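First comes the structure, then the notes that go with it.
Bear in mind that the values in this text are calculations on the coordinates, not laboratory data. This is a predicted model, so every value here is computed, not measured. Don't worry about glycine lacking a Cβ; one is built from the backbone with ideal geometry, like all the others, and counts go over all protein chains shown.
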Ligand SMILES: Cc1cc2nc3c(=O)[nH]c(=O)nc-3n(C[C@H](O)[C@H](O)[C@H](O)COP(=O)(O)OP(=O)(O)OC[C@H]3O[C@@H](n4cnc5c(N)ncnc54)[C@H](O)[C@@H]3O)c2cc1C
Ligand code: FES
Ligand code: FES
């Protein structure tokens with residue numbers, strides 16, 4: 001079947017999509033957007049997290065056809081040309097990236113969290129990121145990165161505006 | 001595999017009548033796992049997310065009419081006051097990503113004994129509205145669960161909505177799992193006090209082939225509260241009453257040993273959860289003097 005949806009602000013059309021295929025497969029294998037990772041295909045790890053009409057979801061659990069005419073935002077849409085999003089920069093600066101497999105999902109979830117609540121408490125952050133597993137970092141550096149990003153966004157006045 | 005995307009309920013019901021083996025997909029958090037792992041290969045996949053009626057909730061004859069396609073995230077954000085037990089249960093489900101997609105209708109249709117909506121719906125005396133081209137009917141939620149992952153729907157039926165009367169007293173939900181997020185319950189318990197009709201509602205999860213109530217525990221507590229005048233006095237609840245209630249809840253279960261826990265542990269956990277849930281609910285009831293009953 002044919003699928004048309006908007007990904008990172010650009011309309012995309014793909015053909016010959018299998019009806020049982022996931023949005024994650026479509027993004028990675030048909031649209032050339034491998035940023036969203038495939039680690040479990042069962043909603044457990046969050047490494048495939050994308051925004052679907054503005055809400056964080058596991059792309060592996062969205063049937064391709066369910067994304068028809070919807071807005072999808074992936075990690076590829078975060079950087080503005082060469083300039084990293086402040087959340088991306090904070091993950092690098094805080095050392096929150098080791099193997100990096102969980103990072104795209106965490107970036108999408110963190111960006112969403114900081115847009116909803118500019119200065120989340122650690123408890124709020126843990127709750128918001130509970131669906132994103134990381135096997136490497138032990139999460140402390142990830143929490144550091146979220147705090148750093150929140151501070152920087154607050155200073156530049158671009159956090160919590162949604 | 002075919003993919004169908006009805007935009008009206010009539011269209012969805014006609015498709016289900018024509019293809020009884022069609023598999024509906026709402027949030028996809030059960031269905032897509034099955035498809036991704038090759039366990040599920042329906043000839044027709046029917047997306048229900050474009051049927052607007054299913055994504056809405058409203059108040060109808062004093063009850064909340066919760067469309068089958070309303071996500072847990074929305075139950076939590078929009079219905080915390082009207083459906084407190086279900087909102088509490090919803091907060092324990094999966095992760096933010098799962099709660100943004102997963103629906104109460106999907107939980108009902110899957111009818112897993114571990115589904116977290118069930119104990120809350122049982123305690124609140126919910127009704128499930130199902131429909132087909134033949135018409136619609138309402139099934140009291142205890143009758144909806146007919147076996148392990150089996151429900152009372154006919155092959156041509158779909159779930160339209162869940163009907164729940166808003167509470168006249170406190171509700172609680174308690175769940176045991178190995179961590180705070182992303183866990184299937186080892187055992188779960190839902191409680192609703194109904195001071196308006198001097199009744200008690202319960203729901204047990206993960207401790208029997210189906211979600212079920214604990215009728216003897218409900219009757220015991222309702223009689224105790226009435227007999228001792230506690231509904232009116234709102235005095236302290238004797239610890240022995242809460243303890244006995246916990247025992248009777250555990251007596252209603254028939255759990256098995258499995259990878260998540262032993263039957264013995266589940267029974268113990270249930271009695272402790274029921275006792276605690278009642279203690280919390282009673283504390284709420286004592287301070288909530290605003291409502292005359
Ligand atoms: C990582 C993860 C964690 C989870 N954690 C929990 C948890 O903590 N607690 C819990 O209870 N569950 C949990 N689940 C299971 C799942 O999220 C729930 O059962 C959810 O309610 C399913 O809803 P859905 O809309 O996603 O259903 P779908 O997957 O879309 O559908 C599920 C079933 O319902 C049918 N269906 C859907 N809508 C209708 C309708 N209107 N009429 C008739 N049939 C319908 C489908 O055909 C299918 O058989 C988890 C799942 C995942 C992947
Ligand atoms: S790949 Fe989607 S949650 Fe793990
Ligand atoms: S950095 Fe390796 S999984 Fe998180």
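Some points to look at:
- Ranked packing of B:190-199, B:248-257, most packed first, by mean Cβ within 10 Å: B:190-199, B:248-257
- Largest mean-square fluctuation among B:262, B:271, B:132, in a Gaussian network model of chain B whose springs join Cα atoms under 10 Å apart, belongs to B:262.
- Inter-chain Cβ neighbour average for residues A:109-115, partner chain, 10 Å: 1
- Whether the range A:23-101 is rounded, prolate or oblate, judged on the alpha carbon gyration tensor where a/c under 1.5 counts as rounded: prolate
- Inter-part distance where the range B:113-134 and the range B:31-71 are each reduced to a Cα centre, Å: 13
- Inter-chain Cβ neighbour count for B:24-36, averaged per residue, equals 6 (cutoff 10 Å, partner chain atoms only).
- Degrees between helix B:9-18 axis and first principal axis of chain B (Cα, 0 to 90, nearest 10): 70
- Gap separating the Cα centres of the range B:143-157 and the range A:2-48, nearest whole Å: 33
- Each principal axis of the Cα cloud of the protein assembly as shown was taken in turn, and the coordinate range along them, longest first, works out to 73, 55, 42 Å.
- The range A:74-139: C-alpha gyration tensor shape, a/c 1.5 cut-off, then a/b vs b/c: oblate
- Counts of other chain beta carbons within 10 angstrom of each beta carbon in peptide A:47-54 average 1.
- Extending 7 Å from the Cα toward the beta-carbon at both residue B:198 and residue A:117 defines two label points whose distance is 4.3 nm.
- Label-point separation in nm, residue B:247 to residue B:228, each point 7 Å along Cα→Cβ: 1.5
- With the highest mean first, a sort of the peptides A:66-75, A:147-156 on other beta-carbon atoms found within 10 angstrom per residue produces A:66-75, A:147-156.
- Prolate/oblate/rounded call for the range B:152-293, Cα gyration tensor, a/c under 1.5 rounded: oblate
- Centre separation in Å (Cα based) which lies between the range B:170-203 and the range A:100-141: 29
- Here the relative contact order of chain B, from alpha carbon pairs under 8 Å that lie six or more residues apart, stands at 16 percent.
- By average C-beta atoms within 10 angstrom, highest first, the peptides B:3-9, B:67-73, B:227-233: B:67-73, B:3-9, B:227-233
- Virtual paramagnetic centre 7 Å along Cα→Cβ of residue A:11, amide N under 15 Å, in the range A:50-89: A:68-72
- Measuring r between the beta carbons of residue B:216 and residue B:138 and using R0 = 30 Å, the FRET efficiency lands at 0.70.
- Cα-based helix-to-principal-axis angle, B:263-287 vs chain B, degrees rounded to 10: 70
- With respect to chain B, whose longest principal axis is taken over its alpha-carbon atoms, helix B:215-227 is tilted by about 40°.
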